Amino acid sequence: MTDKAVSIAIVDDDDTFQFITSKALRSLSNGNKIMQFSSGVEAVRYLTEHADNPDQLPDVLLVDINMPVLDGWMVLDEFKSLKAQLKKKIAFYMVSSSIDELDVSRSKDDSAVVDYIIKPISIEKYKELLAS
């Protein structure tokens, strides 16, 4: 269990992943605030609308690469263009079931991405994420 409550936004079109991730994160700390977005469009809209209110912004963004309309890379581009307006530092994590070396290296080479996490995510990885 972690002591500090963390606000986490899950951006993934997979309802099962959202459910499992939310449940795992809540089990690690009762105070964690979990936001769920089923599309990149929803997440970017939310960040834009709440850019000047740090209490409404997440501490962590878990963004799936493979989503329709706005995929994870497009969300990352939008996030980077919004970054200066955001009144809170947000840790951006790319999440995917892809082990494609191009995806891994592209995210590792991008300074805006904290880490590339491969699904399924272990409870240990969630603990590590919350600790950082």
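Which one is surrounded by the most Cβ atoms within 10 Å (Cβ to Cβ) among residues in segment 40-63 that are in a loop (DSSP other than H, G, I, E, B) and within 12 Å of the chain's Cα centre (by Cα)?
Restricting to residues being in a loop (DSSP other than H, G, I, E, B) and within 12 Å of the chain's Cα centre (by Cα), the top hit is Pro58.
When you scan segment 111-132, how many residues do you find that are part of a strand (DSSP E or B) and β-branched (Val, Ile, Thr)?
Of the residues in segment 111-132, 4 are part of a strand (DSSP E or B) and β-branched (Val, Ile, Thr).
Go through segment 21-46 and count every residue that is free of Cβ contacts under 8 Å to residues at least 40 places away in the same chain and within 23 Å of Pro68 (Cα to Cα).
Final tally of qualifying residues: 14.
Hey, among Ile117, Ile20, which residue is within 13 Å of the chain's Cα centre (by Cα) and of a type outside the set (Lys, Arg)?
Just a single option satisfies the conditions, and that option is Ile117.
Tell me, please, whether a residue that is free of Cβ contacts under 8 Å to residues at least 40 places away in the same chain and within 21 Å of Pro120 (Cβ to Cβ) can be found in segment 73-87.
Within segment 73-87 (the criterion being free of Cβ contacts under 8 Å to residues at least 40 places away in the same chain and within 21 Å of Pro120 (Cβ to Cβ)), the answer is no, since none of the residues qualifies.
Out of segment 29-51, which residues are in contact with a helix residue (DSSP H, G or I) (Cβ under 9 Å, 6 or more places away or on another chain), within 14 Å of Leu62 (Cβ to Cβ) and either at pLDDT below 95 or among the hydrophobic types (A, V, I, L, M, F, W, C) (or both)?
Matches in segment 29-51: Asn32, Ile34, Met35, Phe37, Ala43, Leu47.
The values are calculated or read from the model by the stated rules, or taken from the named source; none is laboratory data. Model, not experiment: these values are computed from the prediction. Cβ coordinates were reconstructed from backbone atoms using ideal geometry, including for glycine residues, and neighbour counts include every protein chain displayed.
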